[in-house]
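S.K.: I'd like to ask some things about the structure below.
The values are calculated or read from the model by the stated rules, or taken from the named source; none is laboratory data. Model, not experiment: these values are computed from the prediction. So basically every Cβ, Gly included, is an ideal-geometry build from the backbone, and we count neighbours across all protein chains shown. To get the accessible areas, we keep the full protein, side chains included, count just its heavy atoms, and leave off ligands, DNA and RNA. Shrake-Rupley method; radii C 1.70, N 1.55, O 1.52, S 1.80 Å.
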Amino acid sequence: MRNLRLAFVLVITLAGIRKATAQAAPVPPNAPPAQTQPMRPPAQSAEHDQAAIPVTASKVSPAAPVITIHGLCPAGQTVPAKDADASCKTVITRAEFEKLSDSLQPNMPQQLRQQLANQYPQILFMAQEARKRGLENDPHYLAVLKFTKMELLRMELQRSMEEQAGKVPESELQDYYKNNKADFEQAAISRVFIPKSQQTNTPNNGTTPQEMQKLREDSTAAMAKVADDLHARAAAGEDFDKLQKEAYEAAGVKAPVPPTLNSKARRAMLPASQSSVFDLKPGELSPVINDSQGFVFYRMQSKTNLPLPEVREEIKTMLRDARLQAVRSKMDNAVSADLNKDYFGEPQKAPAGSGIRPSDRPRPTPPAVQPQQ
């Protein structure tokens, strides 16, 4: 029972640490869309985290102490109260701490490990004080513990489902690759983007809404003509970089001119309205595509199918997510409940995106944890 409670408290604490240390990703300002690049995990994060691990860490023996708590007697040890602070000591070895951190989060980042190590002594001490006061038999504690057991089992079930979903058979990987080869084409494509409006046409304060609408329509028509002219020159073999520069000059765009060649494009990287570009043969030029933000046309330079070994992890991730979603959907639809309206009132319609997720179930609030400087 003691271990169960500590495990739950530590899970809550870890969630608090994660929330306190989360960094919001900066949102780039609006700009004419550049060529889409494949999303990758931030390489610097892992490097930065590994750099924070002392070089001596790997030399520490599993049996060596990594946390020494002064003033906390080990379980079962009795010391006179006047001598407790001076003589009591609890030691946590490397093996014990890593077993704890790995159970809470495998491959826990170094910063979280340090903060967990800082909070763990206080959790142990307060848990021991609670037992001394007989709070293990308190009705409030027992009620929370009953719910905690169910919550921990739910979390363990989710962990187990994720683990099982990740065991994708090799035959399933190969079948998906064979049946969806178009999704794994990689192409070198050149692109020219023509903004839809001219930034030089700035209306004055006295312009009426009708006049502004007419200015927008005239600007779009002018840029459409620019797009057609540039497309004709591309068909005649003119350089795409030169055409892109002229497109920005015609629109009055002062931003740096984006590169026109993407040597590792994938169909999924393009907007749905432009994915037909992958149906082109090498050397072919697409028509002008009228998109929401501008006009665009492409030339297919070359195209090849990525071999299975290069996309194996990508396919495995997609299949794992699909398998996990199927199991979760089955779980979500397995039960339903009717609420007593006399007691709970009429159902409240939550705003879009604010629905309660499984991870939002009621749980004790941990102390606030500030990121380490």
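S.K.: Which residues, taken from segment 124-154, are part of a loop (DSSP other than H, G, I, E, B) and open to solvent by 60 Å² or more (accessible area, probe 1.4 Å)?
M.R.: Once the filter is applied, which keeps residues that are part of a loop (DSSP other than H, G, I, E, B) and open to solvent by 60 Å² or more (accessible area, probe 1.4 Å), segment 124-154 yields only 133.
S.K.: Of all the residues that make up segment 218-239, how many are closer than 11 Å to residue 195 by Cα and either among the hydroxyl-bearing types (Ser, Thr, Tyr) or part of a loop (DSSP other than H, G, I, E, B) (or both)?
M.R.: 2
S.K.: So which residues in segment 84-140 are of a type in the set (Asp, Glu) and within 20 Å of residue 54 (Cα to Cα)?
M.R.: 96, 98, 102, listed by residue number.
S.K.: For segment 239-256, indicate whether the set of residues that are in contact (Cβ under 8 Å) with a residue 12 or more places away in the chain, touching an Asp or Glu at 6+ places or on another chain (Cβ under 7 Å) and within 21 Å of residue 187 (Cα to Cα) is non-empty.
M.R.: no
S.K.: Output the residues belonging to segment 155-176 that are surrounded by fewer than 14 Cβ atoms within 10 Å (Cβ to Cβ) and part of a helix (DSSP H, G or I).
M.R.: Correct list: 156, 157, 159, 160, 163, 164, 170, 171, 172, 174, 175.
S.K.: Quick one: in segment 240-255, which of the residues that are touching a Phe, Trp or Tyr at 6+ places or on another chain (Cβ under 9 Å) and outside any helix (DSSP H, G or I) is surrounded by the fewest Cβ atoms within 10 Å (Cβ to Cβ)?
M.R.: Checked segment 240-255; the qualifying residue surrounded by the fewest Cβ atoms within 10 Å (Cβ to Cβ) is 254.
S.K.: Quick one: in segment 213-268, of everything that is among the β-branched types (Val, Ile, Thr) and farther than 13 Å from residue 295 by Cβ, which residue is farthest from the chain's Cα centre (by Cα)?
M.R.: 253
S.K.: Which of (1) in contact with a Ser or Thr (Cβ under 9 Å, 6 or more places away or on another chain); (2) under 30 Å from residue 329 (Cα atoms) is the odd one out, the single condition residue 192 does not satisfy?
M.R.: (2)
S.K.: A further question on this structure: Could you check residue 200 against (1) exposed (fewer than 11 other Cβ atoms within 10 Å of the Cβ); (2) modelled with pLDDT of 95 or more and say which number it fails?
M.R.: Among (1) exposed (fewer than 11 other Cβ atoms within 10 Å of the Cβ); (2) modelled with pLDDT of 95 or more, residue 200 violates only (2).
One line per residue, one yes/no per condition, for (1) modelled with pLDDT under 95; (2) in contact with a helix residue (DSSP H, G or I) (Cβ under 9 Å, 6 or more places away or on another chain); (3) over 30 Å from residue 180 (Cβ atoms):
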| site | (1), (2), (3) |
| --- | --- |
| 204 | yes, no, yes |
| 235 | no, no, yes |
| 257 | no, yes, yes |
| 263 | no, no, no |
| 271 | yes, no, no |
| 278 | no, yes, no |
| 282 | no, no, no |
| 298 | no, yes, no |
| 306 | no, yes, no |
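S.K.: Tell me, yes or no, whether segment 302-325 has at least one residue that is open to solvent by 40 Å² or more (accessible area, probe 1.4 Å), within 30 Å of residue 228 (Cβ to Cβ), of a type in the set (D, E, K, R) and more than 32 Å from the chain's Cα centre (by Cα).
M.R.: no
S.K.: Do we find that residue 218 is open to solvent by 50 Å² or more (accessible area, probe 1.4 Å), over 24 Å from residue 302 (Cα atoms) and either modelled with pLDDT under 95 or not basic (Lys, Arg) (or both) in this structure?
M.R.: Yes; evaluated as a whole, the condition is true for this residue.
S.K.: Next up: Tell me the residue from 105, 111, 115, 164 that is closer than 30 Å to residue 322 by Cβ, polar (S, T, N, Q) and touching a helix residue (DSSP H, G or I) at 6+ places or on another chain (Cβ under 7 Å), please.
M.R.: 105
S.K.: Sticking with this one: Any residue in segment 93-117 that is farther than 22 Å from residue 162 by Cβ and of a type outside the set (Lys, Arg) sitting within a Cβ distance under 7 Å of a residue that is at pLDDT below 90 and loosely packed, with under 14 Cβ neighbours inside 10 Å? List the pairs, counting only those 6 or more apart or interchain.
M.R.: Correct list of pairs: 110/52; 110/53; 111/52; 111/372; 114/372; 115/372.
S.K.: Residues in segment 256-293 that are assigned to a loop (DSSP other than H, G, I, E, B), within 21 Å of residue 225 (Cβ to Cβ) and touching a strand residue (DSSP E or B) at 6+ places or on another chain (Cβ under 6 Å): how many?
M.R.: Number of matching residues: 3.
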